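First up is the structure itself, then whatever we jot down about it.
The values are calculated or read from the model by the stated rules, or taken from the named source; none is laboratory data. If you're wondering where the values come from, they're calculated on a predicted model, not measured in any experiment. For neighbour counting, all protein chains shown are included, and Cβ atoms are generated from backbone atoms with ideal geometry for every residue, glycine included. These accessible areas exclude ligands, DNA and RNA; they are computed on the full protein's heavy atoms, side chains included. Shrake-Rupley method; radii C 1.70, N 1.55, O 1.52, S 1.80 Å.
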Amino acid sequence: MGRRSAVLCTVVMSTIALGLPAARAATPVLRPPVYGAIERGFEQPQGPYGPGHRGIDFGAQPGTQIAAAADGTVTFAGSVAGSIAVTISHQGGLETTYSSLATVEVAAGDHVAAGTWIGTVFESHPGAGEGLHFGVKLHGRYVDPQLYLASSDVSDALHLAPVVWQPPVAAPPHALWDALRGPGSYRSDVPACRPASDPGPHAPPPDSNIVVEVAGIGSHTRGGMSAALYSHGAEALGFSTRRIFHYSYRGSGGIFLHEPYSVKDSFEDLDLAAKRLRDLLTRIANLYPGRDVDLVAHSQGGIVARTYLTRYAASRSRRLPRIDHVVTFSSPHTGAPFASNASRLEESWLGRGLLGAIDLARRVGAGIPDPRSTAVQELAPGSTLMDSLTH
């Protein structure tokens, strides 16, 4: 493929298979019960009743769902010394305790798998403020939980396909024009794209998950379908259409949990778009309790999916499904050069004239991103949103 062949940059991320190192002999590797910074570390107690800090405290908002750190059996779930706690026994003599909780969702004797939701956060210690206290014992003795926690580095779960087309680096207006036209055959030195061959019969779907597809900026479903992802998406992987839901930038209150949306809707605040994805996933969880979800997203849709995962997936105040896989195509994970170039157009008379032409084209119905829109500004490298996702 030539340098300007069609872009296909694929990110596949599994939130479950993190590629973690092998567990210690006879003891499991523990996953963090909540996603949050460790605000207080372990302090080895001086004797059974001496001072110390018999665990670590995670920062977490009240109502955040707590996950079992490993497979095991619940040995205690209830009130103790004025606070609510859950204790789980694991293989190899390891035992984990979660306190002080707001609610408990398990009972003594329950067998739980790693990641099972066992309760919700209230405060790390009575009167100490919001958070979760997480304690670990090995053969009855308190140990530092961080010695048994898996690394939160998910880099081994990220897989990038080679990018065969790079975005233009020329200054506006040429870079803007290239970005609007996209990769293709409008230049004489680029060979025309060839139609794909028939892939043949679809293989069985790879899992039993529900699929949620999230289209990109400039797409619409009101007045006709413009999102190729929605018309040529997960069906090609063998998924039944009954298991595929199309995300809407307008909301999930319509038929098939999709309210038809316009091009303008896709230019709105991406945090709002992530909240609408959360609402859709909540409705799906009500229809299919216990089913995992695969997110498949194109272009800006990949940033919407990441914003949801970063800001809302860990807050389990409402029942949400577990996200098993995330697949994104052509998503600007480090920011979109077009967005940066657009902000520079105001600096010259030629750029301002081009902005006027864009406004005119948009008024007649062209699906061109509005350079002044909130979404475009948020997609710019170095924007507050892109920096928060990076961190």
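Considering only residues of region 89-103 that are under 19 Å from F42 (Cα atoms) and under 29 Å from the mean Cα position of the chain (by Cα), which is surrounded by the most Cβ atoms within 10 Å (Cβ to Cβ)? Here the answer is Y98.
Taking the condition surrounded by fewer than 20 Cβ atoms within 10 Å (Cβ to Cβ), among the small types (G, A, S) and in contact with a Leu (Cβ under 6 Å, 6 or more places away or on another chain), does A150 pass? Yes. The residues on offer are V136, V74, V86, V106, and the sole one that is touching a strand residue (DSSP E or B) at 6+ places or on another chain (Cβ under 7 Å), open to solvent by less than 30 Å² (accessible area, probe 1.4 Å), at pLDDT 90 or above and not in a strand (DSSP E or B) is V106.
Can you say whether R242 is surrounded by fewer than 17 Cβ atoms within 10 Å (Cβ to Cβ) and not small (G, A, S), as far as the supplied structure shows? Judged against the criteria, R242 is a match.
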